[in-house]
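See below for the structure under consideration.
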Amino acid sequence: IASYEPLKLYKRSLEEVLRQKEHILDAKMEDVLSQFREIATAPSNTYAMFNNADIKFPTIQDSQGTPIQITHGNFIDLLEGHDRRVREEAFKGVYHTYSSFKNTLGTNFAANVTQYSLFAKLRNFKSPLHAALDANNIPVEVYNNLIHTMGEHMNLMHRYMGLRKEIMGVDELHMYDLFVPLVSDFTKEITYDEACSIVLEALKPLGEDYTALVKEAFENRWVDKYENEGKRSGAYSWGCFDAPHPYVLMNYTNNVNNLFTLAHEIGHAMHSYLSSHTQPYPYADYCIFVAEVASTVNEALLMQYLLKTTTDEAFRKYLVNYFMEQFRTTIYRQTMFAEFEKMVYDMHMEGVTLTSQTLSDTYYALVKKYHGDHMVVDSEIAMEWARIPHFYTPFYVYQYATGYSAAIALSESILSEGEEAVKRYKNFLSGGSSKDPIDLLKDAGVDMSTPAPIEAALKVFENLIEEMRSL
């Protein structure tokens, strides 16, 4: 590298090859492992077939008495409804269905743990967790720090559960009460053009150059905004290195949720644009560990802007509820998933047989730990581990919690520190994969191996709980 100029571009790539060298086996062993790969992915493929094609949930009656079959697609919608009977029947219908296959699902889950652990061992990793984090050179301390720090602040989640119980006015708060909006019957229509204007105003703290680029995206067809025949559902951002810019595809409808979706996807697009226009091809992309940071920073800035500018008390309540639910579902819930995975793999390494009962008992205890005494932890929730497809990609979900924590901490520093924090953040957006993701975030001002950014994010959550109580 020192003596041949063209190689300097690939210095980091070559160093990564050398860093991972101890986990690459000789040619014969690599050939053997490659031939076993299809067998190793069988548990994941089996689960996908079962969960996406074969499982059928029961039919219940909606609040008008009309029969409706529960599906993956409408399950959360049913849990968000205000008819408690419908919520309870949907909840029990789903988990009783999974429970009727508990031994098959438990055996398949255990097989996935076994194959992943075996491959980690054969490749000379200290543990399956080390193997999962090695590709992006994430220290195991980051994973452990997340679980430990969240464990130290479990009281906030418990307080939120107490507040939810109080606002809903129920004698007992059940698991099927978790998704009901605390602000009932609120609607606010926001057209796409209005959403663009609001997002531009909300992102002004990131500077004129950033908002000019967002305006360019809105005005020059970076966004395919409306539903169309044959178009994929949901919303996402896509681009490649040599394209003039990335594209955002979404299915916009005139509501607040889609306003936040627009801000979220534009965050991805700006991250992709700045990285691909700053970094050379080998380092223009970014890894999943930081992928949700830019999008969530945009959402957080939008949220703070709306809270600051709205004079509508009902809208303010809606926003606070929306924000609190993001903390519950993205930080606490995903950390609970991450802790469950760690416990399961640790048990496997210690020789414990992972039966469906062991998995259910472990999961149920964690749900009780995370939700506290205000919650009646229904026995059916013990089977929720069987409903989470992410568990077949081991040690993946923690990145939702770390990414969200980092984004909230960054948005708070952008709003409080101003120009210097913005400069650090833009360097991060332009960094691609030119450094390890943990170092890119450090340069931006957050060290995910320490409690500080997680605690900064949870301070925002605490303030939201108090504000909702006052409202």
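Can you name the residue in region 1-37 that is in contact with a Lys or Arg (Cβ under 9 Å, 6 or more places away or on another chain) and not hydrophobic (A, V, I, L, M, F, W, C) and is also nearest to Ala284 (Cα to Cα) among such residues?
Per the stated criteria, the residue is Arg12.
Where residues in region 325-342 are in contact with a helix residue (DSSP H, G or I) (Cβ under 6 Å, 6 or more places away or on another chain) and free of Cβ contacts under 8 Å to residues at least 60 places away in the same chain, which of them is nearest to Gln399 (Cα to Cα)?
In this case the residue turns out to be Met336.
Which condition number in (1) loosely packed, with under 14 Cβ neighbours inside 10 Å; (2) in contact with a Ser or Thr (Cβ under 9 Å, 6 or more places away or on another chain) is the one that Glu265 fails?
Condition not satisfied by Glu265: (1).
Does region 92-129 hold any residues that are among the aromatic types (Phe, Trp, Tyr) and part of a loop (DSSP other than H, G, I, E, B), and which are they? Step through it out loud before you land on a result.
Here is the first cut: in region 92-129, the ones among the aromatic types (Phe, Trp, Tyr) are 95, 98, 101, 109, 116, 119, 125.
Within region 92-129, Phe101, Phe125 meet the criteria.
Is there a residue being under 19 Å from the mean Cα position of the chain (by Cα), surrounded by 14 or more Cβ atoms within 10 Å (Cβ to Cβ) and not in a helix (DSSP H, G or I) anywhere in region 250-257?
Checking region 250-257: at least one residue is under 19 Å from the mean Cα position of the chain (by Cα), surrounded by 14 or more Cβ atoms within 10 Å (Cβ to Cβ) and not in a helix (DSSP H, G or I).
Taking the residues in region 51-95 that are β-branched (Val, Ile, Thr) and over 26 Å from the mean Cα position of the chain (by Cα) as candidates, determine which candidate is nearest to Phe186 (Cα to Cα).
Step one: filter region 51-95 for residues β-branched (Val, Ile, Thr), giving 55, 59-60, 66, 68, 70-71, 76, 86, 94.
Then keep just the ones that are over 26 Å from the mean Cα position of the chain (by Cα); that gives 59-60, 66, 68, 86.
Details: Thr59: 28, Ile60: 26, Thr66: 24, Ile68: 25, Val86: 20 Å.
Checking each candidate, the answer is Val86.
Of everything in region 145-168, what is in contact (Cβ under 8 Å) with a residue 40 or more places away in the chain and farther than 17 Å from Tyr332 by Cβ? Give them in sequence order.
The answer is Ile167, and nothing else.
May I ask you to say which residue of His96, His72 is within 21 Å of Asp378 (Cβ to Cβ), at pLDDT below 95 and of a type outside the set (D, E, K, R)?
Details: His96 fails: at pLDDT below 95.
Exactly one of His96, His72 is within 21 Å of Asp378 (Cβ to Cβ), at pLDDT below 95 and of a type outside the set (D, E, K, R), namely His72.
So that you can scan it fast, the table gives a plain yes or no per residue for (1) in contact (Cβ under 8 Å) with a residue 60 or more places away in the chain; (2) of a type in the set (A, V, I, L, M, F, W, C); (3) over 21 Å from Met270 (Cβ atoms):
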site	(1), (2), (3)
Val397	yes, yes, yes
Ser405	yes, no, no
Leu410	yes, yes, no
Leu415	yes, yes, no
Lys426	yes, no, no
Gly445	no, no, no
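Out of region 338-359, which residues are surrounded by fewer than 21 Cβ atoms within 10 Å (Cβ to Cβ) and of a type in the set (Ser, Thr, Tyr)?
Selection gives Thr353, Thr355, Thr358.
Would you kindly identify the helices (runs of 4 or more DSSP H) lying entirely within region 363-468 that contain at least 2 residues that are of a type in the set (Val, Ile, Thr) and modelled with pLDDT of 95 or more? Lay out the reasoning, then the answer.
On the way: elements: 398-417, 419-429, 437-444.
Those helices (runs of 4 or more DSSP H) span 398-417.
The values are calculated or read from the model by the stated rules, or taken from the named source; none is laboratory data. As the structure is a computational prediction, the values presented were derived from the model and not from experiment. In this analysis, Cβ positions are derived from the backbone assuming ideal geometry, glycine residues included, and neighbour counts consider all displayed protein chains.
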